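The values are calculated or read from the model by the stated rules, or taken from the named source; none is laboratory data. The structure displayed is predicted, hence computed values, not measured ones. Glycine also receives a Cβ, built like all others from the backbone with ideal geometry; neighbour counts cover every protein chain displayed.
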Amino acid sequence: MKLVTYLRDETDQLAILVNGLLYNTQDLHPDLPNNMQMFLLMWEEVIDLALHADAQLKSGQNKSSAIGIPYESVQVLAPVPFPTSCRDGYAFRQHVAAARRNRKVEMIPEFDQYPIFYFTNHNAIQGPGNVHCMPDHFNKLDFELEVAIVICKPGRNITAAEADDYIGGYMIMNDMSARTLQAEEMKLNLGPAKGKDFSTAIGPMLVTADELEPFKAPTKEGHTGNNYALKMTCKVNGVQVSEGSMGDMDWTFAEIIERCAYGVNLLPGDIIGSGTVGTGCFLELNGTGKLQNPNYPEQWLQPGDVVEMEVEGLGVLKNTMVEEDSEFSILQLKKNIK
């Protein structure tokens with residue numbers, strides 16, 4: 001099932017997407033919530049109703065009065081527009097190893113010992129469309145190609161063996177990064193904070209696990225949880241710059257959830273990202289290029305650039321970088337030290 005949130009009468013409307021048409025949930029069954037927040041809170045009570053309605057739509061046996069609305073005719077929002085929190089993991093060894101190699105430091109052995117994550121600004125979650133950036137954000141502005149999940153039922157001390165049951169669905173994530181701000185903060189062993197908190201884009205839809213069964217792949221040896229071999233690509237202004245696979249995750253979402261939930265309550269609406277896939281950002285690509293050729297020209301996102309992320313089975317997330325009408329710079333507020 002593909003769930004989409006779109007703007008309807010100035011509020012968020014939940015719909016099921018079938019064959020390019022959106023069917024409002026409350027029109028499919030009176031017990032289905034009309035927004036994602038309530039849908040996740042009521043997950044165990046309504047998921048079977050929604051899956052049944054989805055199956056009827058796919059078979060052409062829509063027994064409700066629901067009328068399909070063309071997907072292209074609406075303003076699509078983040079599929080989970082009001083998440084309760086947002087964590088981002090660090091699941092792809094290829095990305096971590098390449099980034100460290102490019103900095104000429106050894107691979108950190110702790111990566112293979114346990115999954116990690118950081119909290120980012122859940123109030124800066126957005127869907128497809130414009131990403132508004134301040135001047136300092138454009139100082140080495142970067143995309144990060146990821147997949148994210150949303151928690152669909154409350155849990156605490158969840159084990160990896162049971163964690164996949166807590167995943168409501170999967171979606172594309174663009175973990176936007178202002179690299180100069182990020183690098184400054186990380187020197188103080190705190191952050192990334194201002195390097196990340198201006199925007200994280202997710203979407204364009206939330207896809208439940210039943211849709212991804214054809215892509216199921218073996219989990220890596222010594223790991224626990226579902227794994228899906230979904231091709232991941234990113235284009236900037238129509239030119240492909242990244243390609244990877246969700247199947248290359250070294251830590252599964254189940255294992256990341258296990259760590260997140262240790263001594264902590266996870267709630268419906270919590271978003272968890274995978275971390276960047278190998279080749280999935282300019283920071284890595286520029287570093288690899290410079291390692292091979294010192295004269296390699298760095299590339300960073302510029303005002304007006306269009307970023308299109310595509311993940312097999314999860315759709316295409318398209319965002320345009322927009323420069324805010326401001327000259328204010330926090331980089332210029334740094335104190336001079338003599």
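When you scan the stretch 162-183, do you find a residue that is within 24 Å of M36 (Cα to Cα), in the same structural domain as N265 (by TED's automatic domain parsing) and of a type in the set (S, T, N, Q), even just one?
yes
So which residues in the stretch 200-215 are in a helix (DSSP H, G or I) and of a type outside the set (D, E)?
A209, L212, P214, F215
Being buried (at least 21 other Cβ atoms within 10 Å of the Cβ) and not in a strand (DSSP E or B) is the filter here; which residues of the stretch 161-178 pass it?
A163, Y166, D175, M176
Go through (1) surrounded by fewer than 22 Cβ atoms within 10 Å (Cβ to Cβ); (2) part of a strand (DSSP E or B); (3) touching a helix residue (DSSP H, G or I) at 6+ places or on another chain (Cβ under 8 Å) for G191 and report which single condition fails.
(2)
Quick one: which helices (runs of 4 or more DSSP H) sit completely within the stretch 18-64 and have at least 1 residues that are more than 23 Å from the chain's Cα centre (by Cα), without any contact (Cβ under 8 Å) to a residue 60 or more places away in the chain and over 18 Å from A209 (Cα atoms)? Quick ask: steps written out before the conclusion?
Numbers: elements: 25-28, 36-41, 43-59.
Where helices (runs of 4 or more DSSP H) fall fully within the stretch 18-64 and carry at least 1 residues being more than 23 Å from the chain's Cα centre (by Cα), without any contact (Cβ under 8 Å) to a residue 60 or more places away in the chain and over 18 Å from A209 (Cα atoms), they are 25-28, 43-59.
Could you tell me whether the stretch 87-103 includes any residue that is of a type outside the set (V, I, T), touching a Gly at 6+ places or on another chain (Cβ under 7 Å), at pLDDT 95 or above and in a helix (DSSP H, G or I)?
Yes, there is a match, as at least one residue in the stretch 87-103 is of a type outside the set (V, I, T), touching a Gly at 6+ places or on another chain (Cβ under 7 Å), at pLDDT 95 or above and in a helix (DSSP H, G or I).
Among the listed residues I116, I149, identify the single one that is β-branched (V, I, T), modelled with pLDDT of 95 or more and surrounded by 18 or more Cβ atoms within 10 Å (Cβ to Cβ). Spell out the reasoning first.
Values: I116 fails: surrounded by 18 or more Cβ atoms within 10 Å (Cβ to Cβ).
Being β-branched (V, I, T), modelled with pLDDT of 95 or more and surrounded by 18 or more Cβ atoms within 10 Å (Cβ to Cβ) holds for just one of I116, I149, which is I149.
Select the strands (runs of 3 or more DSSP E) contained entirely in the stretch 226-286, then report the ones holding at least 3 residues which are over 17 Å from the mean Cα position of the chain (by Cα).
Counting at least 3 such residues, we get 239-245.
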